[in-house]
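I have placed the structure first, in the form of structure tokens, so that the comments after it can refer back to it.
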Amino acid sequence: MSGPQALLIGFGAVVGLGVFLLLRAALVVEQPRLADALVRLDGRAAPTLAKPVPAASDWWARAAGRAGIWAAARLPAAGRRAPGQALALIGWTPEGYAARKVGLAAFGAAFVPLLTAVLGLAGVRLPVVIPVAGSLALALVLFFVVDLVVRDQAAEARSQMRRALCSYLDLVSLRRDASEGPTIALERAAALGNGWVFARITDALVAARLAGEPPWDGLRRLAADTGVGELADVADIAAVAAVEGASIAPTLRARAQSLRVQLLAEEEAAANTASEKLTAPVALLSIAFLLLFLYPALARLMAT
């Protein structure tokens with residue numbers, strides 16, 4: 001195998017590794033540790049996974065954990081300051097967050113020099129400053145891409161929690177109509193639902209029960225951990241019902257309806273924003289078509 005062929009194969013391998021790391025950073029949720037699960041059951045905040053991870057990924061989880069610990073210990077303070085609330089919401093650990101940032105930055109730093117070497121084999125010579133500046137810029141961009149992924153995934157997870165919370169409020173109100181107490185209604189309504197949101201609510205209620213606390217305290221902790229303030233509203237309503245013995249079923253249904261209206265208004269606003277973003281490209285295309293249409297006449301006019 002000749003030198004140029006080996007370099008091309010190495011370049012393709014590095015590109016494939018970078019794509020693999022990007023897909024893992026965006027799609028894969030990490031394997032939970034037993035210590036985290038025990039801490040969560042003990043009543044303290046700990047990350048809960050949105051979906052289960054197959055056992056076949058145990059080796060990767062251990063390797064990524066060791067790499068993340070190594071990277072987190074060597075990152076500067078500004079780079080390892082992880083958004084704890086968002087990471088707990090999407091099921092990432094701080095070590096995995098640091099490993100993704102360092103891995104993508106290393107890929108960006110190696111990509112541009114390899115691309116420059118391939119272009120050199122093709123006869124394209126670039127000044128040294130271009131690959132150096134390009135590798136630094138790409139490494140810096142990919143280093144902060146992980147923050148964007150975390151932010152987007154956390155925003156989507158909060159949106160899913162709010163949508164599922166509407167159904168949870170309806171279920172709790174139905175249990176209250178069946179003359180069940182606030183505590184039993186909250187727990188049984190959470191057990192009726194499917195999906196990771198209801199699993200998070202169930203975990204919070206179980207942790208509160210094991211700690212000898214009322215269930216609404218668990219909901220308040222979950223609201224603080226996830227940033228979904230509507231869960232705190234549910235906790236306040238349930239606490240008032242437990243203290244004063246009031247009927248909260250109508251209040252819960254009204255809260256669910258107002259939350260649906262709020263979510264619908266947010267979706268309409270997002271749709272309008274997306275439509276407005278299309279205005280500029282359409283206007284530019286119209287101007288380009290008009291110039292193309294008028295070019296022959298303008299060319300003849302300038303020639304005379």
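Residues Ile201, Ile248, Ile237, arranged from fewest to most other Cβ atoms within 10 angstrom of their Cβ, appear as Ile237, Ile248, Ile201.
Computed from backbone phi with θ = phi - 60° and the Karplus coefficients 6.51, -1.76 and 1.60, the 3J(HN,Hα) list for the range 159-166 is 5, 5, 5, 5, 5, 5, 5, 4 Hz; x is used for glycine and proline. In the range 162-264 the Cα-Cα distances spread across 10 Å bins starting at 0 as 17, 55, 27, 1 percent of all pairs. Relative contact order of the range 162-264, taken over Cα pairs closer than 8 Å and 6 or more residues apart, is 36 percent. Legend: calculated FRET efficiency, Val118 to Ala155, from the Cβ-Cβ distance at R0 = 25 Å, rounded to 0.05, equals 0.05.
At a 10 Å Cβ-Cβ cut-off, how would you order Tyr295, Tyr168, Tyr97, fewest neighbours first? Numbers along the way, then the final one.
Numbers: Tyr295 10, Tyr168 23, Tyr97 26.
So the ranking, lowest neighbour count to highest, is Tyr295, Tyr168, Tyr97.
Here the label points at Ala178 and Leu278, each 7 Å from Cα along the C-beta direction, are separated by 4.6 nm in the simple model.
Taken together, the values in this text are just the output of simple stated rules run on the coordinates, not laboratory data. Computed from a predicted structure; not experimentally measured. As a convention, Cβ positions derive from the backbone with ideal geometry for all residues, glycine included, and neighbour counts pool all protein chains shown.
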